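Notes follow once the structure below has been shown.
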Amino acid sequence: MANSRPTVAQLRAFVALAEHLHFRDAAAALRISQPALSGAVASLEECVQARLVERTTRKVLLTPAGERVARQAEVVLSELDRLVDEVNAVRGPLVGPLRVGVIPTVAPYLLPVVLPRLAKEFPDLELSVREERTDPIVAELLAGRLDVVVLALPTPAAGVTELALYDEDFVLVAPADFDLGDLERPDGVHREALSRLDVLLLNEGHCLRDQALDVCRDVGARPAAATYATSLATLVQLVSGGLGVTLVPETALPVETRRAPHLGLHRFATPAPFRRIGLGFRSASPRADEFGTLAASIRSAVAEAGIAEGVRPA
């Protein structure tokens, strides 16, 4: 094995392990089995004739050799991804594989509008989609395992170029029999009303939770501390059950309010709180022009679909 060379699969497995320092988590990130990951790492150790990891009962530690291999492997994989990007850029716009990450509070509402248009406009595009929260998909993007991501801006990392797609207002969703009283005025609900309401939020890790918290903090409101949800669907169901109120982005309303009965929708007075949705890609990527084309197609699809009244071009 002294004259053999590491394979790309071995390097990807080891880089994932170096990032997560846990075999199960690294295997899950690569969507392979844990035995397959362990075998790839063991084969790499045999190939370079050095011990790269220390295995303990709870976690994995990199040896000094492992740290050096991890750094070099990241460089090698980055250059391989760049090579593929360069070839794709020459072949034409949006041709061949494109790995897209989308956050969960966007994916169910935007993808049904956008995917048919992309399939029609770019028949040679080989699209794969991964739904994940903001921090993981940005990490996957920067690691070269995704090409572009759709998320709420701004992106929480350096080295990512952003292209704004659209802005969407937040809507106050409450139980149907919930009386806002003097909190609702002819021009809509004023943000200050949130300081007198129990606002339900998503669990930590969702950017929508952070955005809702920012809106609440602006007016000195405190969210309900005891109740959280892992999805917008659950959040809206909790509101329907009378546990409080919440903030829902406009694009999610048609889907989520159809699933949950007994809801009242209350729009905010101008200027309403909103979030901006955009594309993010590695600033060093040679496919910037392609991603500009992708962004334009998504903007057109959203505009033509007329998803909701509180959605507008960014």
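The figures follow:
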quantity	calculated
Correct option for mean projected area of the Cα convex hull in nm² [calculated from the coordinates] among (1) 18.9; (2) 13.9; (3) 16.7	(1)
Placed amide H near R130: partners under 5 Å, 5+ positions off or other chain	V100, G101, V102
T63 long-range amide H proximity, modeled H, under 5 Å	V53, E54
Modelled FRET efficiency - R0 30 Å, A305 with S33, Cβ distances, 0.05 increments	0.15
Most fluctuating residue given options T105, T246, T293, as computed from a GNM of the chain linking Cα atoms under 10 Å	T293
Computed lengthening from E46 to A9, 0.36 nm per intervening residue step minus Cα-Cα distance	11.9 nm
The chain, accessible area per residue, ligands and nucleic acids excluded (1.4 Å, Å²)	49
Near-label residues of segment 289-307 by backbone N, under 12 Å of a point 7 Å along Cα→Cβ of E121	290-305
Charge dipole magnitude, Cβ of K and R +1, D and E -1 - the chain, Cα centre, debye nearest 20	800
Gain upon complete extension [R258, N203; 0.36 nm per residue less C-alpha separation]	17.5 nm
5 angstrom amide H check on L125, placed H, neighbours 5+ away	G96
Distance (nanometres) between label positions extended 7 Å along Cα→Cβ at T63 and R82	3.0
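The values are calculated or read from the model by the stated rules, or taken from the named source; none is laboratory data. Being a predicted model, the structure only gives us computed values, none of them experimental. Cβ sites come from the backbone with ideal geometry, for glycine too, and all protein chains shown count toward neighbours. When the accessible area is computed, the model is the full protein with side chains, heavy atoms only, and any ligands, DNA or RNA have been set aside. Shrake-Rupley method; radii C 1.70, N 1.55, O 1.52, S 1.80 Å.
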